[in-house]
1. Express the accessible area of the range 113-155 per residue in Å², computed with a 1.4 Å probe while the remaining protein chains stay in the model.
2. Average projected area of the Cα convex hull of the chain, in nm²?
3. Got a sec? Charge dipole of the chain, +1 on Cβ for Lys and Arg, -1 for Asp and Glu; which of HIS156, GLY174, GLY89 is way out at the positive end?
4. Dividing the alpha-carbon radius of gyration of the range 22-127 by 2.2 N^0.38 Å (N being the number of residues), what value is obtained?
5. May I ask you to derive the relative contact order of the range 90-246, considering only C-alpha pairs under 8 Å and at least 6 residues apart, and to give it as an integer percent?
6. Share of Cα-Cα pairs in the range 54-207 beyond 18 Å, in percent?
7. Restricting attention to the range 65-161, which trypsin sites (Lys or Arg not before Pro) occupy a DSSP loop and are surrounded by at most 12 other Cβ atoms within 10 Å?
8. Based solely on its DSSP helices, what 222 nm [θ] is calculated for the chain when runs of n ≥ 4 H residues each add -39,500 (n - 2.57) and the sum is averaged over all residues, nearest 500 deg cm²/dmol?
Amino acid sequence: MNDISRKKRSPWFLILVITAGTGLLAFAIKCIFDQVGLVTGGFTGIAILLKALTDMFYKGGIPLWFANLALNVPFFVLAYKIKGKRFIGKTVYATVMLSAWLYLIPEIDFASGDYILASIFGGVLAGIAMGMILWANATTGGTEMVAVLLQCRLKHYSVAQIMQVLDGMIVLAGLYVFGMHPSMYAIVAIFITSKVTDTILEGMKFSKAAYIITDHYDQIAKCVMEELNRGVTGLAAQGMYSGEQKCVLYCVVSKKEIVLLKELVDQIDKNAFVVVGDVREVHGEGFIEHGRG
């Protein structure tokens, strides 16, 4: 196994990723979302609400770090009893670190009342942070843990569906406390966060998959393998209109190479039928390779 693979699987490296991810997430919550009242769901969203609601009774309101930790503790205990120690391992560390970062990071207003900046910049930072945490096979507890526990009773609903309801209720509560304007931007921030998180988890090296239907499949396959240095697979097929047996070529290339591929096909067979689609992630020789033991 190569050094990179060992490093990625090292428990200490995963702890480092979780620590950095929770720090970035805490910064987005405390210095951006909280400053303009963007409630983006989760227990941190409830913490922002509690801070605003208790400000009239306690100067500054209940601190974000305390509310986040206090909300998670009873559900951790319940999860430990129902799911066991293995289920809550990394999540306990991630939740504690998030609360610790919320306590340590100074309260600085980076948004300066700019809702567009807060929703976009905060959403990107939160998305990167969540991508890092999830990549390390951890979560920050919150509504995800509650959804998992509820799903034990509500088995006809998925964890994702329950989470959507819970987070939706929190965002609606934010609408009541902070008003329509911040809540609309909170939805924008949620959308950006989810998209950036998906990008971090699924990778940014998008590729292209091409299906080529041609009578000159041998010649085209040879050119692709020799000139583009890409593998080609021949798939047995039958034309339903003509009833003829055909060979459909299938290959995956980079975004830059798809232009060259189409030019090669046009040079050999201008009547070829080419279907090109996006590929989110490719594992294997020439793309993302994994070390072997």
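1. Numbers: 1820 Å² over 43 residues.
Accessible area per residue: 42 Å².
2. For the chain, averaging the hull's shadow over all directions gives 21.6 nm².
3. Selected residue: GLY89.
4. On the way: Rg = 14.4 Å, N = 106, 2.2 N^0.38 = 12.9 Å.
Dividing the Cα radius of gyration by 2.2 N^0.38 Å gives 1.11.
5. On the way: 107 pairs, mean separation 41.4, N = 157.
Once divided by the residue count of the range 90-246, the mean separation gives 26 percent.
6. Numbers: 8015 of 11781 pairs.
Here the tail beyond 18 Å accounts for 68 percent of pairs.
7. Numbers: sites: LYS81, LYS83, LYS85, ARG86, LYS90, ARG153, LYS155; in loops: ARG153, LYS155.
Qualifying residues, ordered by number: ARG153, LYS155.
8. On the way: 11 runs with 169 residues, N = 293.
Theoretical 222 nm ellipticity from helices: -19000 deg cm²/dmol.
The values are calculated or read from the model by the stated rules, or taken from the named source; none is laboratory data. None of these values were measured; they are calculated from a predicted model. When we count neighbours, we look across all protein chains shown, and the Cβ atoms used for this are built from the backbone with ideal geometry, even at glycine. Remember, those area values only see protein heavy atoms, side chains included, never the ligands or the DNA or RNA. Shrake-Rupley method; radii C 1.70, N 1.55, O 1.52, S 1.80 Å.
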